[in-house]
Amino acid sequence: MPEIVPTRSRFKNPIGKYRLGRNKDCISCGKCVEICPYGVHVLRRGKVSVKNHYLCIGDDCPEPCHIACPVKALSVKRNPTFDVLGDYRWPADLLVSTWYMAEFGSVPPRGLEYKLGASGGGFDKLRLLFRKNQTAGINDEDNDIDVGVELNRRNDNAHRVRIEVPFYGGGMSYGSVSISTMLSRMRAATALGTFCCTGEGGYPDEIKPYDDHVITQVATGLFGVREETIQRVKIVEFKYAQGAKPGLGGHLLGDKVTPGVARMREAVVGYPLFSPFPFHSVYSVEDHKKHVDWIKAMNPKALVSVKVSTPTDVDMVAIGSYYAGAHIIHLDGSYGGTGAAPEIAKKNIAMPIEYAVPRVHQFLTREGVRDKITVIASGGIRTPHDLAKVIALGADGICTGTADMVALECVRCHKCESGRGCARGIATTDPELMKLMDIEWGTQRIINMFLAWRKEIIRILKRLGMKSLKELVGRTDCLVHLDYIKDENK
Amino acid sequence: MPSKYVIHTRQAPDRFKTITKSGVIAWEEGCLKCAVCVKKLCVYEVYDKRGLDPAQMTDSIDNQCMNCYRCVQNCPKELIHKSLNPEFKAMGDSHWTPDIIARLWYQAQTGSIPVSGAGYPGPFTGPGFDSLWTDMSEIVRPTRDGIHGREYISTAIDIGRTPKQLVFSEKGELTSDSPVLLDMPLPIILSVPSFGSLSEKTLKGWAMAAKRLGILLALPYGMIKGELEGYKSSLVPVFSHEDRPVCLGDEIRMVEVIWDKNPKGLIEETRALYPAALISVRLPLTRQADKEIMMLIDEGCSVFHLEAGFHGRSKGNPLLFAKDDIRAVHQSLVNKGIRDEITLLSSGGIAMAEHVAKAIICGVDGVFIDFPALIALECRMCRRCEKGLPCPVKIEAASPGWVAARTVNIFGAWHNQLLEIMGAMGIRECRRLRGEAGRAMFFEEVDREIFGSMDKLEEGFELE
């Protein structure tokens, strides 16, 4: 595994939950610098000041500086900006704690809720069930716990691909994100021994060095798909649908079709690009098999992943994909990410991943093929706890997307699609805005976050008394849903 | 194939500065006067375009800020912050939420579907219509592309009675009653809301919008006077149970009677005054409404308007939502074998385009839309008008042309959103969406199916 390298925010003032005030009475005695374990205060040239408001843990602090201050010059208050940040799915706590993980490679010490969002359902109402005072295995070495996933379970001619961490990067196209963002994700995936998907926007030459860790996507617009790009990779992903806009096509606004994007997609600069829905060559499982065979004919060693959304009959779609020859069925739940989608679609169409995974897992088990296909879940998996929960519901691994963006300091302003694109330089192809982010910085931030995730997943497995993530697959007995706990247990 | 139904929208700018969710706090004190100030670097040029509106006490900085936080995070002296706007949070109520109001304003102004980046930010599920998801089709069922126009998806519905069969004589002449149907291009009837700072201008604007959209506007019959007389074919006069129906001419295509233990013969009286028009009977939405409907069918009625509460709740049991009762009534009428012959409409609390689709999935043919048409006119749902206080956005003074444009915009955006929902499901006809509960996922049912068994918390275990 790569090293953690502390990687501070790109911006001068990282946002935290609290702000400290220091009034004129301060005598620069250094008491606060001495007692704060989080490095909030600094002493420079005999003068004490607050350098890192964002690291303050507020009320959770066992020895608060404002109480210890001999002249009572300090005050702590909630940062008003923090309260503007975030939403139900990604509350400010989750954003700020993900930034913490991306900076330090570990979960935040205190003061932030890093396990749960505030959506009031699904993952946010599920809890992991731990035995109290679990001792067996709790002191095992982290490296003795296996969190890897075998992706080829058909044992056919294709590559035997194993990922060392139970996640890979979901598709984000060149065009919807900048080349720096794309490269940061690819490089982090390479370092972590996993993969990252190109999305539907072509295969820029810059990512060629990472070929062995790239999944190339074939989606309905077929943008940038060539025989040569199919032959270059170990995994090819068909995108039938996307959770955020199930049943609807993709749409890259004209503003984002810059000369680079247009060249990559073989399109015209400044014109919007539509990726239709559905594949107009697929109206049955037989048609779908023809698609899979087409890839296997071009690249017989490639694993084929089928990315679908979550309709009522998602179990039928999954079994159909298995019989069509897919190695991976990738379920993208309705609360997943997007570069642009109608709000009505994000909210209303298709079901959340928390429902789709158990349905598919149980159905494939009943059909006797569950051990022949890898189930990957995505769409609203924000934290290592979400990951553990979705594995317990029946997935083998997950795809991430939004979490990667948050590691790169996405604030979820929802403006990825407008004008010049992301004002923070993540989801944009604007030459000036792109400069806001550096590839080395981005790579390390994503690595750090995922190392924190890995550590947390290992901790969870130890608490469950398990040696590998495989043991957790489908173990719904390790989960409790707060709405259904029997009254006597409440 | 009928010609494609297209709603022509055009920008209809706000008259007042909108209330935004958060504001910018920028202190001047302590400013270093940097050569390159973060305010100059704003991607959206918010600070350059800044202007104060003294009349409304608003600062355009708040309206234009897109929440990228770059100025907040880069000011060397940390002099810029964001804060929540209490005025935004105070808008509306638990049902007509600030977010819904703001989204309706956007649609009324632009006529566009709200589109944004990043995944859904809202709660896992919500009350009423927000507790169900609609289906989509992939791989195994054909889908439709209604938005980009490669396929035609119809939002049209019929209102009226559809007889089970037509009877012809030996000579081939129709001997049974021929069906009286109103063909509506949208499953929507505009309805004048129960409060609002309305004037004749407002009503005229709505009537113009109804005419332009090819739909109907329902309103208390007393409001049909003056310039509204010219729009009679788009109007539905509503008579309450205390009124004696009066004749407003034969251009009227539909009349509504509010049912409340009405004197016997009222429906016949109305029918005598409006022999060619459809008569809609408005009933409170309760689980037992099917019984009243069966009785009224015997009296020759065929169009029923089930009225739910202001917050989309059942009128029988306020703990239940419209969706629950609509499903029950629809199912009961299906079981009785009568559902296909009549028209069911509903109203109350329908606030967003998806609510229209979901009400139809639950079993109605179409819906009445009231408050969204008022919010389109910048209403903040402050309800000051109910107390006789002046309207903060002077709705009564808005010109009919602007009222019509804003209303057309809302329904233009809703129409496109209906196409999105139906297209994703692979359904080509709004009529076929009716009662398609099997193509929807109801939270209560799915959640229990999936999580109901995850209920064991035994001694010696803890939760994380």
B:THR162-A:LYS467 FRET efficiency (beta carbon distance; Förster radius 56 Å; 0.05 resolution): 0.30
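How would you classify the stretch A:220-334 from its alpha-carbon gyration tensor, with a ≥ b ≥ c the square roots of the eigenvalues: rounded for a/c under 1.5, else prolate if a/b is greater than b/c, otherwise oblate?
Numbers: a/c = 2.34, a/b = 1.35, b/c = 1.73.
Oblate, since a/c reaches 1.5 and b/c is not below a/b.
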Other-chain or far-sequence residues with amide H under 5 Å of B:VAL367's (modelled H): B:ILE188, B:ILE189, B:SER346
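Sorted from fewest to most neighbouring beta carbons within 10 Å, what does the list B:LEU389, A:LEU151, A:LEU331 look like?
B:LEU389, A:LEU151, A:LEU331
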The stretch B:422-464 residues near the modelled A:LYS486 label - backbone nitrogen below 15 Å, point 7 Å along Cα→Cβ: B:452-461
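Express as a percent, rounded to the nearest 5, the fraction of DSSP beta bridges in chain B (both residues included) that run antiparallel.
On the way: 16 of 45 bridges.
Within chain B, antiparallel bridges account for around 35 percent of the total.
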Sparse-neighbour loop sites [trypsin sites (Lys or Arg not before Pro); the stretch B:302-394; at most 12 other C-beta within 10 Å; DSSP]: B:LYS336
Calculated SAXS-style log₁₀ I(q)/I(0) at q = 0.17, 0.22, 0.23 Å⁻¹ - the stretch B:317-415, Debye, Cα scatterers: -0.86, -1.10, -1.15
Where only alpha carbons of the stretch A:417-490 are counted, the Rg and the Dmax (Å): 20.8, 61
Per-residue mean of C-beta atoms belonging to partner chains within 10 Å, peptide A:115-125: 3
Lysines whose Cα lies under 19 Å from that of A:LYS31, excluding same-chain neighbours fewer than 8 positions away: A:LYS47, A:LYS51, A:LYS72
Near-label residues of the stretch A:392-411 by backbone N, under 16 Å of a point 7 Å along Cα→Cβ of A:ASP438: A:408-409
Cα gyration tensor shape of the stretch B:94-205, rounded if a/c is under 1.5, else prolate or oblate by comparing a/b with b/c: oblate
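What is the mean number of Cβ atoms from other protein chains located within 10 Å of the Cβ atom of each residue in peptide A:245-254, rounded to a whole number? Could you put the intermediate results ahead of the total?
Numbers: counts 4, 9, 15, 10, 5, 0, 3, 0, 1, 0.
Partner Cβ neighbours, averaged per residue: 5.
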Among beta bridges that DSSP assigns inside the protein assembly as shown, antiparallel share in %, nearest 5: 40
Convex hull of Cα atoms in the stretch A:304-366, direction-averaged projection (nm²): 4.5
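Please give the length that would be gained between A:TYR271 and A:VAL5 if that part of the chain were fully extended, namely 0.36 nm times their separation in residues minus their C-alpha to C-alpha distance (nm, one decimal).
Numbers: separation 266, 0.36 × 266 = 95.76 nm, distance 4.14 nm.
Contour length minus the Cα-Cα distance gives 91.6 nm.
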All lysines inside 29 Å of A:LYS234 as judged from Cα atoms, apart from same-chain residues fewer than 8 positions distant: A:LYS208, A:LYS245, A:LYS289, A:LYS290, A:LYS296, A:LYS301, A:LYS307, A:LYS372, A:LYS389, A:LYS455, A:LYS467, A:LYS470
Interatomic Cα distance distribution for chain B, bins of 20 angstrom, percent: 21, 51, 23, 5, 0
Farthest positive-ward along chain A dipole, Cα basis, beta-carbon charges - from A:TYR203, A:VAL50, A:PRO358: A:VAL50
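So if R0 is 45 Å, what FRET efficiency would B:ASP93 and B:GLU170 give, r being the distance between their Cβ atoms, rounded to the nearest 0.05? Show your work: numbers first, answer last.
Working: r = 63 Å, r/R0 = 1.40.
About 0.10, to the nearest 0.05.
Just checking the output field for B:214-226: average partner chain Cβ neighbours within 10 Å of each residue's Cβ?
Average neighbour count from other chains, rounded to a whole number: 0.
Given R₀ = 60 Å, FRET efficiency for B:GLU242-B:SER453 by Cβ-Cβ distance, to 0.05? Please list the in-between numbers first.
Values: r = 55 Å, r/R0 = 0.91.
E between B:GLU242 and B:SER453, to the nearest 0.05, is 0.65.
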Inter-probe distance in nm under a simple model that places probes 7 Å from Cα toward Cβ, at A:ASP255 and B:ARG432: 3.8
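Using only alpha carbon pairs under 8 Å that are at least six residues apart, calculate the relative contact order of chain A and give it in whole percent.
On the way: 1053 pairs, mean separation 94.1, N = 490.
For chain A, the relative contact order is 19 percent.
Would you calculate, for the protein assembly as shown, the mean residue ellipticity at 222 nm contributed by helices, counting each DSSP H stretch of 4 or more residues as -39,500 (n - 2.57) and dividing by all residues, to the nearest 500? Before the final figure, lay out each step's value.
Working: 28 runs with 270 residues, N = 954.
So the calculated ellipticity at 222 nm is -8000 deg cm²/dmol.
Per residue, how much space in cubic angstrom lies within the convex hull of the C-alpha atoms of the stretch A:338-490? Don't skip to the answer; put the middle values down first.
On the way: hull volume 24.9 nm³, N = 153.
Considering the Cα atoms of the stretch A:338-490, their hull volume per residue is 162 Å³.
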Point-to-point label distance, B:LEU84-B:ASP48, nm (Cα→Cβ direction, 7 Å offset): 3.4
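Could you work out the relative contact order of chain B, using alpha carbon pairs under 8 angstrom and six or more residues apart, expressed as a whole percent? Present the calculation step by step, with values, prior to reporting the outcome.
Details: 786 pairs, mean separation 102.7, N = 464.
RCO, chain B: 22 percent.
Considering only DSSP beta bridges whose two residues both sit in chain A, what percent are antiparallel, to the nearest 5?
On the way: 18 of 47 bridges.
If I count the DSSP bridges inside chain A, around 40 percent turn out antiparallel.
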Span per principal axis, largest first, for the Cα atoms of chain A (Å): 78, 59, 39
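By count of other Cβ within 10 Å, fewest leading, how are B:ASP455, A:ASP144 ordered? Write down the numbers at each step before the final one.
Numbers: B:ASP455 15, A:ASP144 11.
Exposure proxy ranking, most exposed first: A:ASP144, B:ASP455.
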Footprinting exposure proxy for B:ILE139, A:ILE353, A:ILE319 (fewest neighbouring C-beta atoms within 10 Å first): A:ILE319, B:ILE139, A:ILE353
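Are there GluC sites (Glu not before Pro) in the stretch A:308-409 that DSSP puts in a loop and that have at most 15 other Cβ atoms within 10 Å, and which ones?
Details: sites: A:GLU343, A:GLU354, A:GLU367, A:GLU409; in loops: A:GLU367, A:GLU409.
In loop regions of the stretch A:308-409 (DSSP not H, G, I, E or B), the sparsely surrounded GluC sites (Glu not before Pro) are A:GLU367.
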Dipole in debye (nearest 20) - the protein assembly as shown, about Cα centre, beta carbon charges: Lys, Arg +1; Asp, Glu -1: 2460
Acute angle (nearest 10 degrees) that the helix B:200-213 long axis makes with the longest principal axis of chain B, alpha-carbon atoms: 70
Relative contact order, percent, the stretch A:261-408 [alpha-carbon distance under 8 Å, six or more residues apart]: 19
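What does the extension gain come out to for B:LEU181 and B:ALA276, with contour length at 0.36 nm per residue minus their alpha carbon separation? Don't skip to the answer; put the middle values down first.
Values: separation 95, 0.36 × 95 = 34.20 nm, distance 1.06 nm.
In short, 33.1 nm is gained.
Kirkwood Rh and Cα-based Rg: tell me the resulting Rg over Rh for the stretch A:18-78, rounded to two decimals.
0.90
For the stretch B:22-84, report the translational diffusion coefficient in µm²/s to the nearest whole number, using Stokes-Einstein at 4 °C, 1.567 mPa s, and a Kirkwood Rh over Cα pairs. Provide the component values of the computation, followed by the final result.
Numbers: Rh = 12.2 Å.
Result for D is 106 µm²/s.
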Volume per residue of the C-alpha convex hull in the protein assembly as shown, rounded to whole Å³: 199
Cross-link pairs beyond the 28 Å C-alpha cut-off, checked among A:LYS346/B:LYS232; B:LYS21/B:LYS77; A:LYS12/B:LYS21: A:LYS346/B:LYS232
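Multiply the residue separation of B:ILE338 and B:LEU41 by 0.36 nm, subtract the distance between their alpha-carbon atoms, and state the gained length in nm to one decimal. Walk me through the intermediate numbers first.
Working: separation 297, 0.36 × 297 = 106.92 nm, distance 6.60 nm.
Length gained, B:ILE338 through B:LEU41: 100.3 nm.
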Those residues of the stretch A:1-44 whose amide nitrogen sits under 13 Å from the label point placed on B:LEU32, 7 Å along Cα→Cβ: A:12-13
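List the residue ranges in chain A for DSSP H helices whose C-alpha atoms run 24 angstrom or more along the long axis and whose Kyte-Doolittle average is 1.6 or above.
Details: long enough: A:439-463 (36 Å, -0.06).
TM-like helix candidates: nothing returned.
Only the coordinates and a few stated rules stand behind these numbers; no lab work does. Fair warning: this is a prediction, and the values are worked out from it, not measured in the lab. Methodologically, a virtual Cβ is constructed for each residue, glycine included, from the backbone with ideal geometry; neighbour enumeration extends over all protein chains shown.
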